[in-house]
Amino acid sequence: MIELHDCAALAAHCSAHKVDPQLGRRVVRRVLRHGQSLQTALEELPQAVPVEWATGLAAGLLPLVDQQDSQADGATKWVFRASNGSSIESVLLRIASGRRSLCLSIQSHCPVGCRFCSSGFLGKPRALQLTDVLGQVLFARQHLHAEGSELRNLVFMGMGEPLLEERLLHSALERLTADGGFGFSPSRITVSTVGIPAAMLRLSESFPKVRQALSLHSARQAVRERLIPFAKRHSLEELRRTVQSIGESAGAQVLVEYLLLEGVNDGVQDELNLATWLEGLPVKLNLIPYNPPLERTSLGTVDFDLRATQRAAREAFAGRLRERGFSTTLRYSLGSEISAACGQLAVRPR
Ligand code: SF4
């Protein structure tokens, strides 16, 4: 089957069946960009096409295993069956302003093993395919098309560390930003990472407009390593140089993510270390509330003793960093009561 996001294969398929490539591009636009179903897009073609051509096309949707809708904030979580048989989760965020964002997964569990994240599971994940990543986006587009709205932003902040799947990530970004494909503006895509300097630089070189988000969570090496075991591999100074270099070469601001945990990284010394680390960097700081797992059972690496910094303390922390001159926002999580917020997407038994 020819998947619509594969422009070269589609062109060859059109040529083999003597179909005007314009018709192929029209189907792609309607399905991948506008979220129409493949069947409707084919039925609405202005001229007849050979049956073999039409039946040889596949939109590339993933089988849906489960859907949960938040009654509190409009988030929707989907669980899909990936091509390797594992489950992956995506979250559609319906922001109050009307914006629609999709948080998507690139691994079926995450070998980084952060202590605050239910996706962490030490062990090698079985690789996902390009169609698994793009299928999440297509599903969201079709779902929103039916609701009469549009998908605007993509964030690689679901299950998995995108820079450990660098080739897959780059292929997905090519298809997602291709004019003849999904057609997303690169500036509406964010890739989150715990910090793999060489891969961050390559991403910035290949996709300078794609936004990078660095999960810092502490500017004290020992605390960072406690929260993110993978952090042992790269020092805070190395990460600092990387962020600086991305700013200089791509003119891009990296988003620095900082999850606030009571008694772990929200003290006076933490704030001072953070301020020192941020000084002079082209970044925006985003403070994130902790969303503990809803169930105290996990297959993975979660530390169930972690607690969220209270809201008033989070606001005070943000206020002090703003006073120091740092551009700082406080994130409010969506979907926490359906286990769809940051850190709650879970490894599932198979
Ligand atoms: S927070 Fe991100 S990098 Fe850390 S375990 Fe979860 S998915 Fe992996």
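Does Thr76 qualify as being among the hydroxyl-bearing types (Ser, Thr, Tyr), loosely packed, with under 15 Cβ neighbours inside 10 Å and more than 13 Å from the ligand (Cβ to nearest atom)? No. Among the criteria (1) of a type in the set (Phe, Trp, Tyr); (2) surrounded by 20 or more Cβ atoms within 10 Å (Cβ to Cβ); (3) closer than 21 Å to Cys110 by Cα, the one Phe304 does not fulfil is (2).
Residue count for the stretch 178-197 under the criterion of being within 16 Å of the ligand (Cβ to nearest atom), touching a Phe, Trp or Tyr at 6+ places or on another chain (Cβ under 8 Å) and either in a loop (DSSP other than H, G, I, E, B) or not β-branched (Val, Ile, Thr) (or both): the result is 2. Among the criteria (1) part of a loop (DSSP other than H, G, I, E, B); (2) modelled with pLDDT of 95 or more, the one Thr301 does not fulfil is (2). Scanning the stretch 245-276 for residues that are out of contact with any helix residue (DSSP H, G or I) (no Cβ under 9 Å at 6 or more places or on another chain), assigned to a helix (DSSP H, G or I) and under 21 Å from Thr329 (Cβ atoms), we see that the one that is nearest to the ligand (Cβ to nearest atom) is Gly247. In the stretch 277-291, the residues that are assigned to a helix (DSSP H, G or I) reach residues that are at pLDDT 95 or above and surrounded by 20 or more Cβ atoms within 10 Å (Cβ to Cβ) with C-beta atoms within less than 6 angstrom, at least six apart or across chains, in these pairs: Trp277/Ala219.
Taking the stretch 312-350, which residues are in a loop (DSSP other than H, G, I, E, B), among the polar types (S, T, N, Q) and open to solvent by 40 Å² or more (accessible area, probe 1.4 Å)?
Ser327
Quick check on my filter: what residues within the stretch 268-301 are open to solvent by 50 Å² or more (accessible area, probe 1.4 Å) and within 27 Å of Ile246 (Cα to Cα)? Within the stretch 268-301, Leu272, Thr276, Glu279, Gly280, Lys284 meet the criteria. Residue check: Leu239 meets all listed conditions (1) more than 16 Å from the ligand (Cβ to nearest atom); (2) open to solvent by less than 20 Å² (accessible area, probe 1.4 Å) but one, namely (1). Note on the stretch 5-34: residues that are part of a loop (DSSP other than H, G, I, E, B), open to solvent by less than 50 Å² (accessible area, probe 1.4 Å) and at pLDDT 95 or above amount to 1. Across the stretch 79-94, the qualifying residues are those that are assigned to a strand (DSSP E or B) and of a type in the set (Gly, Ala, Ser), and the one among them that is surrounded by the most Cβ atoms within 10 Å (Cβ to Cβ) is Ser90. Per the conditions (1) under 30 Å from Arg25 (Cβ atoms); (2) open to solvent by less than 30 Å² (accessible area, probe 1.4 Å); (3) assigned to a helix (DSSP H, G or I), the sole criterion not satisfied by Met200 is (1).
Scanning the stretch 306-350 for residues that are in contact with a Phe, Trp or Tyr (Cβ under 6 Å, 6 or more places away or on another chain) and at pLDDT 85 or above returns Leu306, Ala308, Gly343.
For residues that are of a type in the set (A, V, I, L, M) and either part of a helix (DSSP H, G or I) or touching a Lys or Arg at 6+ places or on another chain (Cβ under 7 Å) (or both), scanning just the stretch 116-150, find the one that is nearest to the ligand (Cβ to nearest atom).
Val133
Taken over the stretch 95-119, the criterion of being open to solvent by 20 Å² or more (accessible area, probe 1.4 Å), modelled with pLDDT under 95 and over 13 Å from Gln344 (Cα atoms) is satisfied by Ile95, Ala96, Ser97, Gly98, Arg99, Pro111.
Applying the selection to the stretch 205-226, what residues are within 16 Å of the chain's Cα centre (by Cα) and touching a residue at least 40 places away in the same chain (Cβ under 8 Å)? Selection gives Lys209, Arg211, Gln212, Ala213, Leu214, Ser215.
The values are calculated or read from the model by the stated rules, or taken from the named source; none is laboratory data. These numbers were taken from a predicted model, which means no experiment stands behind them. With ideal geometry, Cβ positions are generated from the backbone for all residues, glycine too; neighbour counts draw on all protein chains shown. Accessible surface areas use protein heavy atoms only, side chains included; no ligands, DNA or RNA. Shrake-Rupley method; radii C 1.70, N 1.55, O 1.52, S 1.80 Å.
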